[in-house]
Amino acid sequence: MVKVTIDGVEIEVEEGTTILNAARQVGGDIVPPAMCYYSKLEGSGGKCRTCLVEVAAGSEKDPRPMPKLVASCSTQVQHGMIVKNASSERVKTGRAGVTEFLLANHPLDCPICDQAGECHLQDLGFEHGKEATRYREERRTFDPIDIGDKIKLHMNRCILCYRCVYTANQITDQRVHGVMHRGSHAEISTYIEKAIDNDFSGNVIDVCPVGALTDKTFRFKSRVWFLKPMDAHRDCPTCSGKAVVWMFGNEIYRVTARKDKYGEIETIDGKTAWICNTCRFETKEVDKWNVEGPRLINRHSVISQNHYTLQNPLNNNTKNIQ
Amino acid sequence: MGRKLLLEHIDVPGIETFEVYRQKGGYRSVEKALKSMSPDEVVEEVKKSGLRGRGGAGFPTGMKWSFLAKPEGVPRYLLCNADESEPGTFKDRYLMQYLPHLLIEGMIVSSFALGTNLSYIYIRGEYLFVLEILEKAIAEAYANGFLGKNILGTGYDLDLRVSPGGGAYICGEETALIESLEGKRGNPRIKPPFPAVKGLWGCPTVVNNVESLATVVPIINMGADEYVKIGTEQSRGTKLISACGNLERPGVYEIDLGLSVEEFIYGDDWCRGIKNGKQLKALVPGGSSVPILPTHLITKTANGDTRFMSYESLSDGGFASGSMLGSGGFIAFDEDQCIVRNTWNFTRFYAHESCGQCSPCREGTAWMEKVLWRIENGEGTMEDIALLEDINKKIEGNTICPLGDAAAWPVASAIRHFREEFEWHIKHPQEAMSRNYGLLKGATV
Ligand SMILES: Cc1cc2nc3c(=O)[nH]c(=O)nc-3n(C[C@H](O)[C@H](O)[C@H](O)COP(=O)(O)O)c2cc1C
Ligand code: SF4
Ligand code: FES
């Protein structure tokens, strides 16, 4: 075990733990936002730079501070390390910068985006962004494309976190999904729009932190905050069959995997509970599911926390606006 | 002309062939190292020589070699970085094109020192003609028993291969180079682990620049004790400089480190001054990513000391008033050149070459490019200058690999030293569109 201090909170974690995962063991405000890291996907992380933190002391043996901010999702803790996240001005500036970069070319089309209300970029923008943009240039745009008949890709909204690429690589049999081009021309693509034809391809929707990959069977049907998420299961020959059904009245509007407060698919019985396309796209009848009961809503979203009222210009309470 | 350790025989007809190269004393260092030295002794010699990496960062080569992990039963690799894509840098191409055997010789000795049995030269896609030259030279080395099994009867085996990239600057970053060599998209890896522990195919790997590896040859031949007599305390030996821009005589030169910048620019043996009798306005001494220097900081440091061509002297004054030796891509700008346009041009390069993995570099470089383009074309505002400085700060240090820094430094330094030129473009949109700032105002001294 090694001892590490994050924003003044001291904890002991196993050797080899990353700063981010150490912070998650404590929870709360000291946890840096993570847009690309996904603990269930090998090799993920390090890309978006939202999780940057300041290391004020490297370790007990070598207590020098690290000169640059480091990505907490891919930096392991050392015994005696002192980390500053929320308490560091440098982190605040750096993270505000990253947020601005991620939003620079973003279409800001939340009003018509299915992800609104459960979007990590929305949350990030609210916590670390500014009300106005300094980006005067023309935004980079792409046409939306179909990835098979069930998944829609809106590349305009993509933050190039690579999670879907790792998902396609690691849980589907044949990868035909990846990144083409480079720099600000980089885009997610299937090989010349070839459909990902695989039982598990729908999971790319669940790992996407933004509304770049959406479920065509649910598109424009409802806002997520009008729906009631219920834990449900069924006997499925392909996957664990443990999912969340999103209901309005007695109707199932969509099916997703069970996700924790960091947006990651839960581990059930020791395995990541990915769900198959049959459960996700083709099983919308209530009688095909055993509905267990309402799911605890993870109120990470700025919408479900009613944060937006704070931004009402008539309301003087602006403490949440940075 | 100064002393030549690397380019000594460059003018000998046929020096690219094994026969002539050998007649001129080529491959002596292989004989010396393999027959009379242990691998550790070679490493020690390179350490003692003070050789610093010639690829840009200037990291001590011997020290890098001694960090290589050596677990039992796991192969190790030496990779030669011949991706040379930094604007202004073309010394590696010159060396490989005319002296292919010098690189091969250096790689044999270095591979022996590191205990690798398979080494690669990763060469940029645009250098395909050089690839052919290298392959021919490698075939000759095999035929003469300097590569392959049981080299010179010493029991040491080494295979050497050349692998071309697809033409991407980012593949010069060592972990992107490794990814590319493995046949993947050339994205830099998240470090740690460092290549010395986990590199090519997950095995311990050393990546060195072409010139660094070639320099091992004279070091072994003359011995480190002799080698350290050349240059300055922190910059030993000789260095290839690719001089370009508005110089009377541009080209690749081998200098003793510690030569004065003034001598190098104006000396008869070197660049012979600025073309057409013009004034020198600015200098980028080490490839496009290092800070640009204005007239008064080129031949003298901020303290008024003479500026020398060495790691320490070029960086004297830090980023406020210094620059870096970098890769030796020496770009001179005369009084007619427009710094705004040049800064835009450099930034366009970095935006185009960013791999796009991490957000600060992907979005930041493309954003800076657009803002600079507006300023250059008379559509800028005064806030844009502050905006550029701010974007800069948010890229620098926050990216996966140093490409972000390389993109940020030229912009930061151009604004630091040539702010009035940026302001002029903003205040005179019409003229900025139709005329060149440099032509209009001359040198800003
Ligand atoms: C974006 C980027 C591009 C680079 N391109 C090159 C290159 O073309 N050639 C090179 O030798 N080193 C290049 N480098 C530096 C290498 O990563 C590495 O430091 C170098 O090859 C080490 O060799 P040396 O120690 O012999 O200098 C580049 C680095 C970065 C970040
Ligand atoms: S489509 Fe979504 S999951 Fe895939 S890289 Fe873009 S933001 Fe990430
Ligand atoms: S979560 Fe760490 S860099 Fe994206």
Quick check on the protein assembly as shown: take the gyration tensor over C-alpha atoms, sort the square-rooted eigenvalues as a ≥ b ≥ c, and tell me if it's rounded (a/c under 1.5), prolate or oblate. prolate
For segment A:30-93, just say rounded, prolate or oblate: build the C-alpha gyration tensor, square-root its eigenvalues into a ≥ b ≥ c, call rounded for a/c under 1.5, and beyond that prolate if a/b exceeds b/c, oblate if not. oblate
If you plug each phi of segment A:17-26 into the Karplus form 6.51 cos²θ - 1.76 cosθ + 1.60 with θ = phi - 60°, what whole-Hz ³J(HN,Hα) values come out, in order, with x for Gly and Pro? 5, 7, 4, 4, 5, 5, 5, 5, 5, 8
Around B:Asn209, which amide H atoms from residues at least 5 apart in sequence, or from another chain, sit under 5 Å from its own amide H, with H modelled in the peptide plane? B:Arg54, B:Gly55, B:Asn81
Nitroxide proxy distance, nm - points 7 Å out along Cα→Cβ at B:Gln279 and B:Glu389: 2.5
Could you work out the helix-only [θ] at 222 nm for chain A, with each DSSP H run of four or more residues adding -39,500 (n - 2.57) and the total divided by the number of residues, to the nearest 500 deg cm²/dmol? -4500 deg cm²/dmol
Nearest 10 degrees, 0 to 90: what angle lies between the long axis of helix B:128-143 and the longest principal axis of chain B (Cα atoms)? 20
Proximal lysines to B:Lys70, defined as alpha-carbon separation beneath 23 angstrom and excluding residues fewer than eight positions away on the same chain: B:Lys35, B:Lys47, B:Lys48, B:Lys149, B:Lys191, B:Lys198
Assuming a viscosity of 1.306 mPa s and a temperature of 10 °C, what translational diffusion coefficient in µm² per second does Stokes-Einstein assign to chain A, Rh being the Kirkwood radius over Cα pairs? 76
Please average, across the residues of B:363-372, the number of beta carbons from any other chain that are within 10 Å of each residue's own beta carbon, and give a whole number. 5
Let me confirm one metric for peptide B:185-191, namely the mean number of other chain beta-carbon atoms within 10 Å of its residues' beta-carbons. 4
Sequence-distant aspartates and glutamates (8 or more away, or on other chains) whose Cα lies within less than 18 Å of A:Lys61: A:Glu10, A:Glu12, A:Glu14, A:Glu15
Karplus ³J(HN,Hα) for segment B:225-233 (6.51 cos²θ - 1.76 cosθ + 1.60, θ = phi - 60°; Hz, whole; x = Gly/Pro) runs 4, 6, 4, 5, 6, 8, x, 10, 4
P(r) of segment A:173-278 in 5 Å steps, Cα pairs, percent per bin? 2, 11, 18, 23, 20, 14, 9, 4, 1, 0
Residue-averaged beta-carbon neighbours from other chains (10 angstrom radius) around B:348-354: 2
Expressed as a whole number of Å, what is the distance separating the alpha-carbon centroids of segment A:236-279 and segment B:219-246? 64
Using all Cα-Cα distances in segment A:1-150, what percent lands in each 5 angstrom bin from 0 up to the longest? 2, 9, 16, 19, 18, 13, 9, 7, 4, 3, 0, 0
For a quick check: sort B:His296, A:His128 by the number of other beta carbons within 10 angstrom, fewest at the front. B:His296, A:His128
Percent of alpha-carbon pairs separated by more than 22 Å within segment B:1-150: 44
Mind giving me the nanometre distance, one decimal, between the label points for B:Val20 and A:Arg140, set 7 Å out from Cα along Cα→Cβ? 4.8
If you look for lysine pairs in segment A:224-304 that are eight or more places apart or on different chains, how many of them have Cα atoms under 24 Å apart? 15
Residue order, fewest to most beta carbons within 10 Å, for A:Ile171, A:Ile268: A:Ile268, A:Ile171
Per the helix-only calculation at 222 nm, which mean residue ellipticity applies to chain B, given -39500 (n - 2.57) for every DSSP H run of n ≥ 4 and division by its residues, nearest 500 deg cm²/dmol? -13000 deg cm²/dmol
Segment A:132-157-segment B:339-374 distance, computed between alpha-carbon centres (Å): 21
With θ taken as phi - 60° and the coefficients 6.51, -1.76 and 1.60, list the Karplus ³J(HN,Hα) couplings across segment B:21-33 in order, rounded to whole Hz; mark glycine and proline as x. 4, 5, 4, 7, x, x, 6, 5, 5, 5, 4, 5, 5
Which value in Å does the Kirkwood hydrodynamic radius of segment B:222-308 take, with 1/r averaged over all unlike C-alpha pairs and then inverted? 14.0
When only alpha-carbon atoms are used, what values of Rg and Dmax, in angstrom, describe chain B? 22.3, 73
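Every read-out reported here was derived from the displayed coordinates using simple, explicitly stated rules and does not represent laboratory data. Here the structure is a predicted model, which is why all the values come from computation and not from measurement. In this analysis, Cβ positions are derived from the backbone assuming ideal geometry, glycine residues included, and neighbour counts consider all displayed protein chains.
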